[in-house]
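Below is one structure, written out as structure tokens, with a few remarks after it.
The values are calculated or read from the model by the stated rules, or taken from the named source; none is laboratory data. Computed from a prediction, not measured in an experiment: that's the story for all the values here. Please note: Cβ atoms are built from the backbone with ideal geometry, for glycine as well, and neighbour counts cover all protein chains shown.
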């Protein structure tokens with residue numbers, strides 16, 4: 001499992017945008033994983049809440065990484081939907097994603113995004129998406 005975690009962390013660290021935001025892979029298991037992102041002022045919108053785009057990024061990446069656990073490393077997000085439930089203000093964002101169903105070329109995944117503040121955890125958003133395997137030429141493979 002450590003090898004899988006190391007490979008997943010390597011993939012995350014190869015994403016310049018993820019490194020700009022400060023995302024980290026907390027754990028990975030069979031069909032599930034968690035990403036974290038400490039909240040800082042640069043990630044806030046005008047009301048002091050974490051910007052929805054930051055939460056959306058975290059959901060997107062967690063969904064795609066979860067899909068990769070079933071489909072292999074060459075995957076992209078096909079689509080996703082997110083529902084924002086409450087604002088995140090302080091602490092660390094944690095996205096926990098899991099595979100709901102996986103075929104040969106496509107996986108459906110779900111993600112819950114929490115804000116951890118001290119020992120308190122609050123659900124701030126939920127997301128569901130489709131992850132597609134890509135071929136050698138970078139195009140999405142047909143759904144199975």
Give me the residue from segment 52-67 that is surrounded by 23 or more Cβ atoms within 10 Å (Cβ to Cβ) and in contact with a helix residue (DSSP H, G or I) (Cβ under 9 Å, 6 or more places away or on another chain) and, out of that set, nearest to residue 134 (Cα to Cα). 65
Answer from 102, 88, 125 - the residue that is surrounded by 21 or more Cβ atoms within 10 Å (Cβ to Cβ), in contact with a helix residue (DSSP H, G or I) (Cβ under 6 Å, 6 or more places away or on another chain) and modelled with pLDDT of 95 or more: 125
Among the residues listed as 74, 81, the single one being closer than 18 Å to residue 13 by Cα and surrounded by fewer than 21 Cβ atoms within 10 Å (Cβ to Cβ): 74
Can you tell me which residues in segment 42-55 are in a helix (DSSP H, G or I), in contact with a strand residue (DSSP E or B) (Cβ under 8 Å, 6 or more places away or on another chain) and closer than 15 Å to residue 20 by Cα? 43, 54, 55
Odd one out for residue 88 among (1) out of contact with any strand residue (DSSP E or B) (no Cβ under 7 Å at 6 or more places or on another chain); (2) in a loop (DSSP other than H, G, I, E, B): (1)
If you go through segment 44-51 one residue at a time, do you hit one that is surrounded by 15 or more Cβ atoms within 10 Å (Cβ to Cβ), closer than 20 Å to residue 100 by Cβ and touching a residue at least 24 places away in the same chain (Cβ under 8 Å)? no
Please identify the pairs in which a residue from segment 9-22 that is in contact (Cβ under 8 Å) with a residue 60 or more places away in the chain and on the phi > 0 side of the Ramachandran plot has its Cβ atom under 9 Å from the Cβ atom of a residue that is in a helix (DSSP H, G or I) and surrounded by 13 or more Cβ atoms within 10 Å (Cβ to Cβ), counting only partners at least 6 apart or on another chain. none
Those residues that are within 14 Å of residue 110 (Cα to Cα) and either assigned to a loop (DSSP other than H, G, I, E, B) or at pLDDT 95 or above (or both), I need them from segment 68-82; list them, please. 77, 78, 79, 80, 81, 82
From the set of residues in segment 22-41 that are over 14 Å from the mean Cα position of the chain (by Cα) and in a loop (DSSP other than H, G, I, E, B), which is farthest from residue 90 (Cα to Cα)? 30
How many residues are in a strand (DSSP E or B) and out of contact with any strand residue (DSSP E or B) (no Cβ under 6 Å at 6 or more places or on another chain) when one looks only at segment 91-106? 1
May I ask you to say which residue of 20, 12, 37 is at pLDDT below 95 and in contact with a helix residue (DSSP H, G or I) (Cβ under 8 Å, 6 or more places away or on another chain)? 12
